[in-house]
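Since the structure comes first, as structure tokens, the remarks are kept for the end.
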Amino acid sequence: MMKRLLPSFSLFTLPFYLFTLSFYLFTSPAEAQIKNPMLWADVPDPDVIRVGDTFYLVSTTMHLMPGGPIMASKDLKNWETVGYIFDRLTDSPKYDLAFSLPLDEQKGEGVGTVYGRGQWATSLKYHNGKFWALLAPNEAGAMGHTYIFTAEKAEGPWTIHSRLRHFHDATLFFDDDGTPYVFFGTGEMCQLTRDLKGVVDGSLRHYFQREDEERGLLEGTRVIKHRGTYYAMLISHSFGNGLHRREVCYRTKDLNGKWEKNVILESDFGGFSYLAQGTIVDSEEGDWYGIMFQDRGGVGRVLTLSPVRWIDGWPMLGDENGKVPETMRPYRSGMPEKAIVCADEFASSEMGLHWQWNHNPVDEAWSLTERPGFLRLKTSRVVPNLYLAPNTLTQRMMGPTCSGVVTLDVSHMKDGDCAGFAAFNGDSGVLTIKKEGKKLLLVMSEQKVSLTEREKAVTKVEETVVETVELPSALLNSRTPACLRLKITGDFQPGHHDAANFYYSLDGEQWTQIGTKNYRMVFDYRRFFMGTKFAIFNYATKKKGGYVDVDEFLFNS
């Protein structure tokens, strides 16, 4: 039976009250505080661990490559991407964006895309001096088989250790004696062999049965062990009888025994709905923090940070009222400022870890060395639209407001080429530079993709052209190339309707707004299932071989 707990005072709980009080009495200056959301960007399905003095975070990025981003922080405020679990997935040509036929021609494996599929809900662990990651693509059949990766360092390189049957929203767990388990789905678990290459026969079972009030899935499992007790934390999608989305916890002292349940977080926050799914993590001093995500519309699913108060042996998240606080004191002060979204002058010979490609990239069709200081994007296949274009490069948009600017040399585009900058999602606001014969046009359009339910094949792209301007022919002069600048702003403040606006500049100083004003960005779990991204693209509709050079990407938030 579920219990609803109120804080109780005792000598046992006194340290936790003092810890909680310290967050509010001894806060650092306002500019140094963590303002929730801790990461106001699309960072869903988090798992967080601490190794030594460093916190490591992994998140879901689905069809973006490389995948399984590992982010690190010393203070729970400044996060940076330090590596990826894999560069690409190769189970199917779908990952290459190479097959997406009209609906009446769909036959056989390989047809379609992996929009909204790919890597989901990765579990991150550290055991016996190694990092371990378990993930299962949200696919049927062999494409959905679970991967277990391992690495000596969180930054990588990571290698595939084994492949197992599909485990939905799973967590890997090592007991004190090293015995490995997988907890997954709605209350399911099994024991793995010691080499993590198989499931122990007869170990698959349900460790709890869903109660009547739980009308949806319990998923996103994260498991820890603390003071001899096992804790399994899951998101509950219970909307009946006055209940909301919430984080529930099951606990036991015996994995083969009875588990009891409690709600550990049921909180709305910041003018948006209730939040859940994530985990808790301790500091070197034994303080505990909860990291949970919240759906926030067009920007995606953002991360919040809360204190954890251990009350009667339960890890209760939130402030003294059980709510996510507006601000938190960083775990450490004086740490250098870092971010997961970054500007880039493309001065390195390697792609920055803040970038991800839409599906697997075509490696021979991009370069950072052919023209030093520029990113060269070449057309490598003829495609009908942006949603099938290879080598579209993305970064997250961020709240509360942000802007991105790209500077492009378009003098080597071919007839029929389309290059530009987009607020990219299932519904996209797009700035497209189109080469039509000897003309160069800038088109702002609204684009909406339709995908088949099973194979995610692109069946239709609705494109509504809002405004078109003809660009100066000087931009096509390859001997003295001029640069064109494109800008997209995003406003994700509550009540501002996730608005994007679009601009261009021919001199880098004067900006002209173009197309839809306050274009509304949306989050659609049936298609992309992710927040809107800044996207730089270049594709051919008639003949491959053209290219554009990207001089820089500027970012402000």
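The values are calculated or read from the model by the stated rules, or taken from the named source; none is laboratory data. On a predicted model such as this, the values are computed, not experimentally measured, just so you know. Please note: Cβ atoms are built from the backbone with ideal geometry, for glycine as well, and neighbour counts cover all protein chains shown. Remember, those area values only see protein heavy atoms, side chains included, never the ligands or the DNA or RNA. Shrake-Rupley method; radii C 1.70, N 1.55, O 1.52, S 1.80 Å.
In plain terms, the C-alpha convex hull of segment 499-557 casts an average shadow of 6.6 nm² when viewed from every direction. Solvent-accessible surface (1.4 Å probe) assigned to TYR231 amounts to roughly 10 Å². When only alpha carbons are used to place a centre, segment 299-321 and segment 205-271 end up 14 Å from one another. Spin-label pair ALA142-LYS460: with each label point 7 Å from Cα along the Cα-Cβ axis, the two points sit 3.5 nm from one another. When only Cα pairs below 8 angstrom with a gap of at least 6 residues are kept, the chain shows a relative contact order of 15 percent.
The HN-Hα couplings worked out from phi for segment 364-380 by the Karplus form 6.51 cos²θ - 1.76 cosθ + 1.60 (θ = phi - 60°) are 6, 9, 9, 7, 10, 10, 5, 9, x, x, 9, 9, 9, 10, 9, 7, 10 Hz, whole numbers, x standing for Gly and Pro. Using a probe of 1.4 Å on the protein chains alone, the accessible area found for LEU217 is around 90 Å². Classification of segment 263-347 by its C-alpha gyration tensor yields an oblate form. The axis ratio a/c (a ≥ b ≥ c) is 1.5 or more, and b/c is at least a/b. Axis angle, to the nearest 10 degrees, between helix 14-25 and the longest C-alpha principal axis of the chain: 30 degrees. Classified by the C-alpha gyration tensor, segment 365-473 has a rounded form. Its axis ratio a/c, with a ≥ b ≥ c, is below 1.5.
Shown in residue order for segment 504-516 are the 3J(HN,Hα) couplings computed by the Karplus curve 6.51 cos²θ - 1.76 cosθ + 1.60 at θ = phi - 60°: 9, 9, 9, 10, x, 10, 8, 10, 10, 6, 9, x, 4 Hz (x for Gly and Pro).
Residue-wise HN-Hα couplings along segment 524-535, as the Karplus relation 6.51 cos²θ - 1.76 cosθ + 1.60 with θ = phi - 60° gives them from phi, are 10, 6, 7, 10, 7, 6, 8, x, 5, 10, 5, 9 Hz; Gly and Pro carry x. Of GLU188, GLU285, the order by accessible heavy-atom surface (1.4 Å probe, DNA, RNA and ligands excluded), from most exposed downward, is GLU285, GLU188. Is the C-alpha gyration tensor of segment 200-284 telling us rounded, prolate or oblate? Criteria: a/c under 1.5 is rounded; beyond that, a/b larger than b/c is prolate, otherwise oblate. Because a/c hits 1.5 or more and a/b fails to exceed b/c, segment 200-284 counts as oblate. Using the 1.4 Å probe convention, the accessible area of segment 211-346 works out to 36 Å² per residue with neighbouring protein chains retained. Fully extending the segment from THR327 to HIS237, taken as 0.36 nm per residue of separation minus the present Cα-Cα distance, adds 29.8 nm. Return the label of the correct value of semi-axes √(5λ) of the Cα gyration tensor in Å, as calculated from the structure shown, out of (i) 67, 36, 25; (ii) 73, 25, 22; (iii) 43, 26, 21. Working out semi-axes √(5λ) of the Cα gyration tensor in Å from the coordinates points to (iii). Among SER380, SER505, the order of accessible area from largest down is SER380, SER505, computed with a 1.4 Å probe on protein heavy atoms.
Peptides 329-340, 384-395, ordered by how many other C-beta atoms sit within 10 Å of their residues on average, highest first, read 384-395, 329-340.
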